[in-house]
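The structure appears right after this line, and notes come after that.
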Amino acid sequence: MKLLEDRIRKDGIVREGNVLKVDSFINHQMDISLFEEMAKEWKRRFAGKPINKILTIEASGIGIAAVAAREFGVPVVFAKKSMSINLDHDNYCTKIQSFTHGRVYDVIVSKKFLSAEDHVLIIDDFLANGCALIGLLDLVEAAGATVEGIGIAIEKGFQKGGEIIRGKGIQLESLAIVESMGTDGSIVFRE
């Protein structure tokens, strides 16, 4: 998606350790107009799929998923990274290792919000090694729900996550796939 790639070139910052900082428009300050265009693109790419729920993970995916859910006309559920007193105790739970935070999280979704009748579109901001997506797929499988596809804003094509997910036969639609990032701040996108 050229609009997203152009924005990454303009405002993205490459940091040591293969980190792409996009906090000025995606995962700290959010550009809702950009999110709306991304949501329209996913709606086009997943046209004809019987999606009735969008699933994401706390926290950076929530804004993008909420805008996408509005475009699809369905609710969004986000997997929580910690148990709290206001959560029911009848949950699906898995463990996810975060590339960004370098730690393992217990990730939780209440059974009342994900069931075998659901046809799920998973939405997230980044795909690197695929750990978060594997965890979300585990939650969907535990619920007996159907994954209709996965929408990612930015995929790091030089890391293994995209290959792992595509190897499962799941429709994965990444709007910008970064092939490489240079120490000089250069970013190359997959054609």
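In table form, for the structure just shown:
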| item | result |
| --- | --- |
| Selection count where residues are of a type in the set (G, A, S) and surrounded by 18 or more Cβ atoms within 10 Å (Cβ to Cβ), scope the range 9-49 | 2 |
| Selection within the range 150-169 - in a loop (DSSP other than H, G, I, E, B) and touching a helix residue (DSSP H, G or I) at 6+ places or on another chain (Cβ under 8 Å) | K168 |
| Residue within the range 149-160 that is closer than 21 Å to I51 by Cα, surrounded by fewer than 22 Cβ atoms within 10 Å (Cβ to Cβ) and under 16 Å from the mean Cα position of the chain (by Cα) present | yes |
| Single unsatisfied condition, D106 versus (1) surrounded by fewer than 20 Cβ atoms within 10 Å (Cβ to Cβ); (2) over 30 Å from D11 (Cα atoms); (3) modelled with pLDDT of 95 or more | (3) |
| Residue that is farthest from I177 (Cα to Cα), among those in the range 8-32 that are under 18 Å from the mean Cα position of the chain (by Cα) and part of a helix (DSSP H, G or I) | I32 |
| Some residue of the range 65-72 being surrounded by 14 or more Cβ atoms within 10 Å (Cβ to Cβ), closer than 10 Å to D124 by Cα and of a type outside the set (F, W, Y) | yes |
| Odd one out for I62 among (1) at pLDDT below 95; (2) outside any loop (DSSP other than H, G, I, E, B); (3) β-branched (V, I, T); (4) buried (at least 17 other Cβ atoms within 10 Å of the Cβ) | (1) |
| Sole exception among (1) of a type outside the set (K, R); (2) touching a residue at least 24 places away in the same chain (Cβ under 8 Å); (3) farther than 22 Å from A47 by Cα; (4) assigned to a helix (DSSP H, G or I) for E141, by number | (2) |
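The values are calculated or read from the model by the stated rules, or taken from the named source; none is laboratory data. Everything numeric here is computed off the predicted structure, so don't read it as measured data. We place every Cβ from the backbone using ideal geometry, glycine too, and count neighbours over all the protein chains shown.
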